[in-house]
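Read the figures in this text as sums done on the coordinates, not as results from a lab. Everything numeric in this text was worked out from a predicted model, so none of it was measured. So basically every Cβ, Gly included, is an ideal-geometry build from the backbone, and we count neighbours across all protein chains shown.
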Amino acid sequence: MRLLLHSASSGEENLAIDEALLEGAESSATPREVLRLWEPTAPLVVVGRSSHLDVEVNEPVCAERAIPILRRASGGAAIVTGPGCLMYAVVLSVEARPELASIDAAHRFVLETLVAALAPLVGDIRHEGTCDLTLDGRKFSGNSLRVRRRNVLYHGTLLYDFPLELIGACLKQPPRQPEYRVARAHADFVTNLPIGHDALVEALVAGWHAVGPADEPDPELVARLIEEKYGQASWNRKY
């Protein structure tokens, strides 16, 4: 697996890069697996592919604080990210790992890899619900995936020094909740990992056996995805 450490200047470009990495792997004649790590420079709300903004997002607060609301290509519910939240994405080959054609198996594989990478530094990390990672019963990582014919894009959040109150300010209670949440408000449900940025990056790189550098995605494809999708209100606000 190759390593890409690259944070773009805008949320639109960062989302486009994740999708472009998936598309690049799909068009490659040989498996092209990549671990990408990035972090936004400012707060950002990212909703799932089928999220309804009026159900999941507190839009007046986002507007007041000039926090953009963008839509990703994968499923799941809305998240808030920004400085202090490391974002990761892995592109995995279904041809090299045929078991990942099952969505449940893909969740297990990725999250168990993350647990194994982080547990030596933290302790009681668990995979709970469909695709959450928790520390002492509180969520620090939400994840989602997009499956194509030959590859899977799996990406998510890792809170480590994030202003957690921002999550409750920007997001409403999610319409679907895992049983372990027991209807807790955001403030009582989320937590930061007690790990610094550099140690977190090092653990993930080692856990995925990633070596670098990976080729950056086709800049023309990234630009086209921004122009046609991530930069368009028709995509970001379609529900």
Cα gyration tensor category, rounded, prolate or oblate, for region 134-200 with a/c compared to 1.5: oblate
Relative contact order for the chain, counting Cα pairs under 8 Å that sit 6 or more residues apart, in percent: 28 percent
CD proxy at 222 nm, helix term only [per DSSP H run n ≥ 4: -39500 (n - 2.57); per residue of the chain; nearest 500]: -9000 deg cm²/dmol
Rounded FRET efficiency, nearest 0.05, which uses the C-beta distance separating Q173 from E220 and R0 of 41 Å: 0.50
Amide hydrogen neighbours beyond the local backbone of K139, cut-off 5 Å, H modeled: V190, T191
Cα lying deepest toward the dipole's positive end in the chain, options G84, A116, N236, charges on Cβ: N236
For E33, E59, order by how many other beta-carbon atoms lie within 10 Å, fewest first: E59, E33
Under 12 Å, Cβ to Cβ, from E56 - net charge with Lys/Arg +1 and Asp/Glu -1: +1
Cα principal axis extents for the chain, largest first, Å: 46, 42, 32
Percent antiparallel among DSSP beta bridges (both partners in region 2-236, rounded to 5): 80 percent
Residues listed by number, region 6-35, amide nitrogen under 16 Å from A66 label point at 7 Å toward C-beta: 10-11
R2 long-range amide H proximity, modeled H, under 5 Å: E33, V34, L35, V211
Student exercise, region 4-93 dipole from Lys, Arg, Asp, Glu Cβ charges, in Debye to nearest 20: 140 debye
Mean Kyte hydropathy of -1.0 or more with a Cα span along the axis of at least 27 Å, helices from DSSP in the chain: 103-122
